Each structure stands twice: as C-alpha cells, then as structure tokens.
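**Q** So that we are looking at the same thing, I have put the structure below in structure tokens.
No lab work stands behind these numbers, since they all come straight from the coordinates. The structure presented is a predicted model; accordingly, all values stated were derived computationally and were not measured. Backbone-built Cβ (ideal geometry, glycine too); neighbour counts: all protein chains shown.
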Ligand code: SAJ
C-alpha cells in the first residue's frame, strides 16, 4: 500500500488524512504547527467533527497515521493548505508555494502531487507545475499532478468525504487516473474526471453560485423590508415553483469559502466577473445593515445593552472564520454600543468575553440572533422576558418561533421583514440610510 503525505492538517487535511488511513494507506500528516502535530500523535484531533476522533485515535494507535512537522518521502503528496484572501482581494498562494517547495527534495519518478486547496483558475498549471518542475523531473511523465478540490461542509466533513461526488482534474490523463485511484478507495459518490483548470472552475463556480444566490436573497430581504412586507414568506412561496431555489437572507456570508472563493474568479477575469463582484459587496454589506436595523429598533433605549446570540459563521458549527457576527461586533464596538455574547459552541474568542445564556440576557434590551444554532430555538421566551430589561428581538436568521416570543410580549424583528420597521422604512425610503 502506498505512503501518502497530507500537507496541512486543517479542516480538510486532517479528516482526509484520517480517511486515507482508514483505507489502509500509510499516512503522514504534515503541519508546521507543532501543537497540532503533537495532539495528533496523542491520537486526538484538534478539530471537533463527528466521527473524526474515533478514526484518528484508531489509526494513530494502529500506527498508520502519524503527524510530522518536516516533510518526508512518500509516493503521494496531497496539499491541503489554506489559500487566504489578501487585503486587495487576491488569492494568497504563499502556503501552496511553500508546500510545493518543501516536497521538492522528496519527489521521485512516479510521484503524484494532488492539490486540494481552493485556488483560482489556472493555478495548478501556471503556479504549481512550474514549481514542481524545479525538481528536475519531467512533469506529466515522471511527476503527475492533479487538482481535486475539497467540497465538504464543516460539521459533516467525514460523511461528505465519502458520500459527495468528487471532481478530479489532472494536468494530463495519466495524472487524472492516478489521482482517481486514491479517491476511489473511499468516495461512494460519482467521481468526475476532467482537466485541472476545469476542476478549479467547478469548485469556484459552486461556491460562487451560492454566494450570488444569497446576495439575491439579501437584496430581496432589503427590498421587502423597505416595502413593508415579509421576504421569508415570499421566498418560501416562490421556492415552491419547480425551477426556483432562492437561498436564505441573513446577517451576511461567512466561512472560509463563500466569502473568499468568488474573489478568485474576479481576480482572474475582472472585466467579466461583474455580477460576482457586486454579490460579494452586497453580502459584505449585510453586517452594516444589521447594525442599522438594530440602531433603529433600539433607538429610544438609554444605556443600551444588546444580547448577541451566536458568533460562528453559520448555525451548528464552532467555526468563527469570516463570521458576519464578528463583523457586527466590530461595528458595534466602534459605535461604543454595549453588548454581551453567548455561543454554546464556542468556548474562547480572541478579544471578547463570552457569557452564559443567563448573564448574556440579564438586563439586555434586545436579543440578537446572529448564528442559526438549533439550540436557540429552545430558549424560553418567558424566561428570557424575566431576565431582559426590554423585550426586543432581532432574529437575523428567522429561527426563533416568532409567534411564541410575541405571545410573551416581545417585539420580534427579522432581517427581511418590514412589519415592525416603519421608522426605519421612513428613513430608508428617503435615502438617509443607504448601504
Ligand atoms: N448562508 C446564507 N444563506 C443561505 C445559505 C448560507 O446566508 O441560504 C451563509 C451561511 O450562514 C454562512 C455562509 O453562507 O455564513 C456559508 O455557508 P454554506 O453552508 O453555504 O457553506 P460553507 O462555507 O459552510 O461550505 C461551502 C459548501 N459549498 C457549497 O455548498 C457549494 C461546501 O460544500 C464546500 O466544501 C465549502 O464551501 C468549501 O470548502 O468550499
């Protein structure tokens, strides 16, 4: 059985390493973070994903999964490092480049290098291949290269690694088929074979489709609020049409994918990618819109205190990367608006203190739902009403049972629902609030 080196033990690398170990491969997981490697070698994942712990501890004990901080020889290298967005909205490929350079001394005739990190179109052929060619081996004949973008959802990574379809695009046919051999061992979905640049585009198109669709939903939400109607109701009925699937509005788009990947297309084709860039800006403006709404909802309250519920980038995950809730918090801080934070899935948050639900709600004027955690649906409005100073709610995800809260005397506001926003409407209709 082949030896595989997975480079980068993050959300994708570690589950992929564990999955490959469970297929019987000898797997080494390379990460520059010594702590992550040390924890892995104790048999514990540093991430909280269903089924990951069991897999990791089983294969570390068995001896076919091991963490390393320096690269070593292997037949297959799978690059799963981050590709962050730079300040000027360009793909920062430095981790991919470092990973490629670090394995150069270990490449041999027959080596296969797979790039899983999300990258802009043509990165595999224009950036990765020239770097690997520095090994002196002939690309496509002695070294094989493919892009196999990861497409799993945080919170369901292990399940989706197995069940999802997979796209594999090599720089030539041999590269594609060698890479497919690896993924066939654990993927139960379809495996679609293509070329490297098409594989890059497919991944980016999927996330861009979602981002543009959410931007449309957010735009509908703002239009409905302005016109005094309910976007949630309108969207849910429109979606009954067999060819309509409008996504949900919310406080903005977070995570390391949707808020980032569309820019990789814009970078490569700025003239053409106009809708994509506009959608990104709409979604990025949503945290400001949420704060505008809040200021309107709570404007008569003195010594305001907000109770913010949920800081993660979406519901039922513990990941706070690019979270719109963090952006909302930043804006509130700039405005010196007082708030407390509760998130049942997050224990520590840099720069902020987290509270229990009770202390978060105590004395608060407005409860603000910023992440759609199922747990929030179970909060008792009666108990919340006893703790809070004013009975106001802004539910940016429309997850609380609004009727029950209203029966308990709360005024429930939602992004996309104009019913309680007459004052705001008056202002926005005449353009004084215009983001
Ligand atoms: N969101 C909305 N409205 C919606 C759906 C999502 O506002 O209707 C927001 C979420 O709250 C969150 C953000 O969008 O802030 C992104 O959430 P998501 O669930 O759409 O996606 P991610 O970022 O968790 O994962 C996506 C997935 N891509 C697709 O569904 C096409 C996943 O399959 C990819 O593996 C992942 O990106 C990735 O790594 O690229």
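**Q** Given the peptides 285-294, 56-65, arrange them by the average over their residues of other C-beta atoms within 10 Å, most packed first.
**A** On the way: 285-294: 21.5, 56-65: 17.9.
Sorting 285-294, 56-65 by mean packing, highest first, produces 285-294, 56-65.
**Q** Next question, about the same structure. How much length is gained if the chain between residue 90 and residue 173 is pulled fully straight, taking 0.36 nm per residue apart and subtracting their Cα-Cα distance, in nm to one decimal?
**A** 26.9 nm
**Q** A follow-up question, please. For segment 257-353, what's the relative contact order in percent, using C-alpha pairs closer than 8 Å and at least 6 residues apart?
**A** Numbers: 86 pairs, mean separation 24.1, N = 97.
After rounding, I find 25 percent.
**Q** Also, quick follow-up: Assuming a viscosity of 1.567 mPa s and a temperature of 4 °C, what translational diffusion coefficient in µm² per second does Stokes-Einstein assign to the chain, Rh being the Kirkwood radius over Cα pairs? Don't skip to the answer; put the middle values down first.
**A** Working: Rh = 23.4 Å.
Stokes-Einstein gives a translational diffusion coefficient of 55 µm²/s.
**Q** Shape call for segment 84-176 from the C-alpha gyration tensor, a ≥ b ≥ c root eigenvalues: rounded (a/c under 1.5), prolate (a/b greater than b/c) or oblate?
**A** Details: a/c = 2.03, a/b = 1.28, b/c = 1.59.
It is oblate, given that a/c is not under 1.5 and a/b is not larger than b/c.
**Q** For segment 146-170, list residues with backbone N below 20 Å from a point placed 7 Å from the Cα of residue 51 toward its Cβ?
**A** Residues 149-167 fall inside that zone.
**Q** For every helix of n ≥ 4 consecutive DSSP H residues, a contribution of -39,500 (n - 2.57) applies; sum these over the chain, divide by its total residues, and give [θ] at 222 nm rounded to the nearest 500 deg cm²/dmol. Present the calculation step by step, with values, prior to reporting the outcome.
**A** Details: 17 runs with 176 residues, N = 435.
Per the formula, -12000 deg cm²/dmol.
**Q** With contacts defined as alpha carbon pairs under 8 Å and 6 or more residues apart, what's the relative contact order of the chain in percent?
**A** Once divided by the residue count of the chain, the mean separation gives 12 percent.
**Q** At a 10 angstrom cut-off on C-beta neighbours, averaged per residue, how do the peptides 125-134, 8-17 rank from highest to lowest?
**A** On the way: 125-134: 16.7, 8-17: 25.6.
Result, highest mean Cβ count within 10 Å first: 8-17, 125-134.
**Q** Cα gyration tensor of segment 1-123, axes a ≥ b ≥ c as square roots of the eigenvalues: rounded (a/c below 1.5), prolate (a/b > b/c) or oblate?
**A** oblate
**Q** Treating each Cα of segment 194-238 as an identical point scatterer and ignoring solvent, apply the Debye formula and state log10 I(q)/I(0) at q = 0.13 Å⁻¹.
**A** Cα-only, vacuum Debye calculation for segment 194-238: -0.43.
**Q** A further question follows. Given an 8 Å cut-off on Cα distances and at least 6 residues of separation, report the relative contact order of segment 283-432 as a percent.
**A** For segment 283-432, the relative contact order is 23 percent.
**Q** With each label point set 7 Å from Cα along the Cα-Cβ vector, what nm distance links residue 194 and residue 134?
**A** Calculated label separation equals 3.0 nm.
**Q** Now for a different question. Take the chain, connect every pair of alpha-carbon atoms lying under 10 Å apart with a spring to form a Gaussian network, then pick out the residue of 80, 360, 23 with the largest mean-square fluctuation.
**A** The residue that fluctuates most here is 23.
**Q** Right, something else. Which order, highest average first, do 101-111, 69-79 follow once you tally other Cβ atoms within 10 Å for each residue and take the mean per peptide? Working shown, then result.
**A** Working: 101-111: 15.3, 69-79: 18.9.
The packing order, highest mean first, is 69-79, 101-111.
**Q** Rounded to the nearest 0.05, what FRET efficiency do residue 205 and residue 380 give with R0 = 45 Å and r taken as the Cβ-Cβ distance? Could you check?
**A** 0.55
**Q** Right, something else. Tell me, how many Å apart are the Cα centres for segment 107-181 and for segment 206-257?
**A** Computed from Cα coordinates, the inter-centre distance equals 34 Å.
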